[in-house]
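*Asks:* Okay, here's the structure, questions in a sec.
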Amino acid sequence: MEGGERKSSAARGRERPAPWEWLRASCEPDAVGALVVSNAYSVDIIYSPLMETFPDLVGEKVQSVEEPHPMTPYEPERRQELAGAIPGMLHDTTRRVVQGLKELVEGGGLARELELTWLRYVSGGGFLRVPPSASGVVLDETQALKLVPESNLVWRKLASGEIGVAANGLVECYPESRGLLETLQRLLGGGAHRVGALLEEAKEELRGGTVVWSRERMRELLTTLLAQRALVRA
């Protein structure tokens, strides 16, 4: 092959960056002799659905550290002194970034985002960028509805105890209840379902004094699935 030998697939694989790659602080002298300090921390998640949402999630946690730092003049005769004197604000920024990421992991925010993103990914047919829910949807109790098989209706119990329900790459969370799960199974079984009958059959369920399923919960579910284009008129 002209211009050099073809690299083996194994060699190309070794050049691939690690799944978690941290960009560490770097110091470079600029053209006028000042010391430019870059303290940009980033996490690169390779081949993961989280690539779409993780940056925003982290940004919300550490956005308060996005602030300018005073320039540290570079003086050749003070090299050793500078080496032992990392700016205090740089220490503070790093501490706050680490604390934000720690809260994100220990508080369950990262785990929850992974669960929801995976539901979006699976129900979206492998895509994360999907059309938003339709607006202004009104549930007509006289109509019969049926599931659109291509909507990829799926659900799972989240670590929080809620049930995440997704269709067409859009996800909503509901309290866990027998009525919710039975309704999802019923819709998935196919056929036409009268809205009025579904609402009438929705029996109230309580857990710890909180209503987890009711006629209104059923209405909320059906309206959401209509807006997500998972249900259509039969």
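*Asks:* So between Ala83 and Lys203, what do we pick up on full extension, going 0.36 nm a residue minus the alpha carbon distance? Could you put the intermediate results ahead of the total?
*Replies:* Numbers: separation 120, 0.36 × 120 = 43.20 nm, distance 7.00 nm.
Here the answer is 36.2 nm.
*Asks:* Subtract the Cα-Cα distance of Val105 and Arg219 from 0.36 nm times their separation in residues, and report this length gain in nm to one decimal. Intermediate results must be reported in sequence, preceding the final value.
*Replies:* Details: separation 114, 0.36 × 114 = 41.04 nm, distance 3.46 nm.
Gain in length upon complete extension: 37.6 nm.
*Asks:* Oh, and also: Can you tell me the length gained on complete extension of the stretch Thr142 to Glu182, counting 0.36 nm per residue apart and subtracting the Cα distance? Don't skip to the end; give the middle numbers.
*Replies:* Details: separation 40, 0.36 × 40 = 14.40 nm, distance 2.16 nm.
Separation in residues times 0.36 nm, less the Cα-Cα distance, equals 12.2 nm.
*Asks:* Which GluC sites (Glu not before Pro) does the stretch 89-192 hold that lie in a coil by DSSP with at most 15 other beta carbons within 10 Å? Please list the in-between numbers first.
*Replies:* Numbers: sites: Glu103, Glu106, Glu113, Glu115, Glu141, Glu150, Glu162, Glu172, Glu176, Glu182; in loops: Glu141, Glu162, Glu176.
Counting only loop positions with at most 15 other Cβ atoms within 10 Å, the GluC sites (Glu not before Pro) in the stretch 89-192 are Glu141.
*Asks:* Quick one: net charge of Trp155's neighbours, Cβ under 14 Å, K/R +1, D/E -1?
*Replies:* Values: positive: Arg120, Arg156, Lys157, Arg178, Arg186; negative: Glu115, Glu162, Glu172, Glu176, Glu182.
After counting each charged neighbour, the total is 0.
*Asks:* Okay, moving on. So if I place +1 on the C-beta of Lys and Arg and -1 on the C-beta of Asp and Glu, and nothing else carries charge, what would the dipole magnitude of the stretch 105-234 be about its Cα centre? I want it in debye, nearest 20.
*Replies:* Values: 16 positive and 16 negative charges, 61 e Å.
In debye, rounded to 20, the stretch 105-234 gives about 300.
*Asks:* Pop out the ³J(HN,Hα) list for the stretch 143-154 in order, Karplus 6.51 cos²θ - 1.76 cosθ + 1.60 with θ = phi - 60°, rounded to Hz; leave Gly and Pro as x.
*Replies:* Karplus values, whole Hz, x for Gly and Pro: 8, 10, 10, 9, 7, 8, x, 6, 6, 6, 4, 9.
Bear in mind that the values in this text are calculations on the coordinates, not laboratory data. All figures in this text were calculated on a predicted structure; none of them were measured in a lab. Note that we place each Cβ from the backbone using ideal geometry, even for glycine, and neighbour counts take in every protein chain shown.
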